Amino acid sequence: MIPIYKPYLKNREKEYVNRCLDSTWISSKGEFIDKFEKQFGLFIGSPHVTTVCNGTVAIHLALTALGIGPGDEVIVPTLTYVASVNTIVQTGATPVFVDSVESTLQMDADDVLRKITSRTKAVMAVHLYGLPCDMGRLVNICKDHQLYLIEDCAEAFGSFYRQQHVGTLGDIATFSFFGNKTITTGEGGMVVAKTKNLIDKVFHLKTQGVSKTREYWHDIVAYNYRMTNICAAIGLAQIEKADEILAKKRQIAQWYKQNLKDFPLTFHDELPDTQHSFWMCTMLLDSSEHRDALREYLQQNGIETRPLFPPCHTFPHLFIDRSYPVAESLSQRGINFPSYPDLEFEEISMICETIKKYFNGSR
């Protein structure tokens, strides 16, 4: 079986983890927390970063640090992973869904404009599958309407908009380091803020609201959302080879595009002014009628795939009885193909040949 993804653990991960074990610093203090944060900040171009225990709590912290809560609305794409939306609900705020753009899969800025009300507090831009949103427009919309701009970069480490790393264009941003992300810590995340004051709020919230000057003194309702030193050790080893990982994923994407250019599907590719990180190699079939059958055929031939996310407005706890036609169509037609950095040309060729056999009717 060729899996959809597996982490690229090649160099110093074991060495750094063993240093944690030898030192006994295995919880949320230790040398690797600071080192990982510093190197991550340098990579994306922001000095205001702090580690957390996963990407979902990163979003929750971002929303909470901005003061978002009951009575507020946050505009968010319906085509996203559910964590983007669940965290809004957890603050007591209301998610307001927008549709997607067919050519990019990203949130529709025109629909964002239509959904702004007097209760709107923020827009959450989700850089889905590694392609940046239309950040030029979203930044201007938020500036014109005095809204916070949150970037969910869970799938977009290594993605750039106009040569600026995503996560540095809005007020606050979040990253995920789950095992299937471009760089991983097993479980983990990062919050990135535009200002030191805002990242200090996030740090205070993630550490149980503990005082900096008085032992065991807590002055707000807060959380234990800290990353462990062991996870940070893995993260440091990963970011030391981030350029290698990203280059290999770009090569894998090119192999797919070259092999499948004459078939009834569209590759999720980068646009002018963007650099796609190709977290997943995502393709849209021209017709939804083939999606599930193609996935089943590939599974029978030892190739794992995954569908695009279901639109969040269709989930029972988030259900809205209205249509978001572009997002619904994309969800029904989209497939993600294996894209982990260990894949070689011969394996990609085999995957593509299997796809071709399906479409040529020789299955």
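No value in this document is a laboratory result; all are computed from the given coordinates. Values in this document were obtained by computation on a predicted structure and should not be read as measured data. In this analysis, Cβ positions are derived from the backbone assuming ideal geometry, glycine residues included, and neighbour counts consider all displayed protein chains.
For each pair in Lys261/Lys356; Lys181/Lys249; Lys38/Lys206; Lys248/Lys356; Lys201/Lys241, compute the distance between the two Cα atoms and list the pairs where it is over 21 Å.
Long pairs (Cα-Cα over 21 Å): Lys248/Lys356; Lys201/Lys241.
Charge tally around Asp152: other residues with Cβ under 14 Å, Lys/Arg +1 each, Asp/Glu -1 each, net -2.
With a Förster radius of 30 Å applied to the beta-carbon distance between Lys357 and Ala242, the computed FRET efficiency rounds to 0.25.
Rounded if a/c is under 1.5, else prolate if a/b beats b/c, else oblate: with a ≥ b ≥ c from the C-alpha gyration tensor eigenvalues square-rooted, which is segment 220-341? Because a/c hits 1.5 or more and a/b fails to exceed b/c, segment 220-341 counts as oblate. Taking chymotrypsin sites (Phe, Trp or Tyr not before Pro) as exposed when DSSP calls them loop and at most 11 other C-beta atoms lie within 10 angstrom, the chain has its longest site-free stretch at 1-215. Let a ≥ b ≥ c be the square roots of the eigenvalues of the Cα gyration tensor of segment 125-213; is it rounded (a/c under 1.5), or, if not, prolate (a/b larger than b/c) or oblate? Here segment 125-213 falls in the oblate category. Under 10 Å, Cα contacts only: if you run a Gaussian network model on the chain, which one of His60, His145, His268 comes out with the highest mean-square fluctuation? The residue with the greatest mean-square fluctuation here is His145. A value for volume of the Cα convex hull per residue in Å³ was derived from the coordinates, and within the list [x] 125; [y] 116; [z] 138 it appears as [z]. When only Cα pairs below 8 angstrom with a gap of at least 6 residues are kept, the chain shows a relative contact order of 23 percent. So, in Å, what gap is there between the alpha-carbon centers of segment 104-152 and segment 271-350? Computed from Cα coordinates, the inter-centre distance equals 23 Å. Taking other residues whose beta carbon is less than 10 angstrom from the beta carbon of Met124, and scoring Lys, Arg as +1 and Asp, Glu as -1, yields -2. A simple charge model with +1 on the Cβ of Lys and Arg, -1 on the Cβ of Asp and Glu and nothing else charged puts the dipole of segment 54-194 at about 280 debye relative to its Cα centre. The aspartates and glutamates within cross-link reach of Lys35, meaning a Cα-to-Cα straight distance under 13 Å and a gap of 8 or more places when in the same chain, are Glu240. Loop-located trypsin sites (Lys or Arg not before Pro) across segment 174-281 with a Cβ neighbour count of 12 or fewer within 10 Å are Lys212, Arg214, Lys261, with loop assigned by DSSP.
For segment 239-282, with only Lys/Arg (+1) and Asp/Glu (-1) charged at the beta-carbon, what is the dipole magnitude about the Cα centre, in debye rounded to 20? Mind showing how you got there, number by number?
Working: 6 positive and 7 negative charges, 38 e Å.
For segment 239-282, the charge dipole is close to 180 debye.
This model, with +1 at the C-beta of Lys and Arg and -1 at the C-beta of Asp and Glu, gives the chain a dipole about its Cα centre of some 640 debye. Among Pro77, Pro272, Pro264, the largest mean-square fluctuation in a Gaussian network model of the chain (Cα springs under 10 Å) belongs to Pro272.
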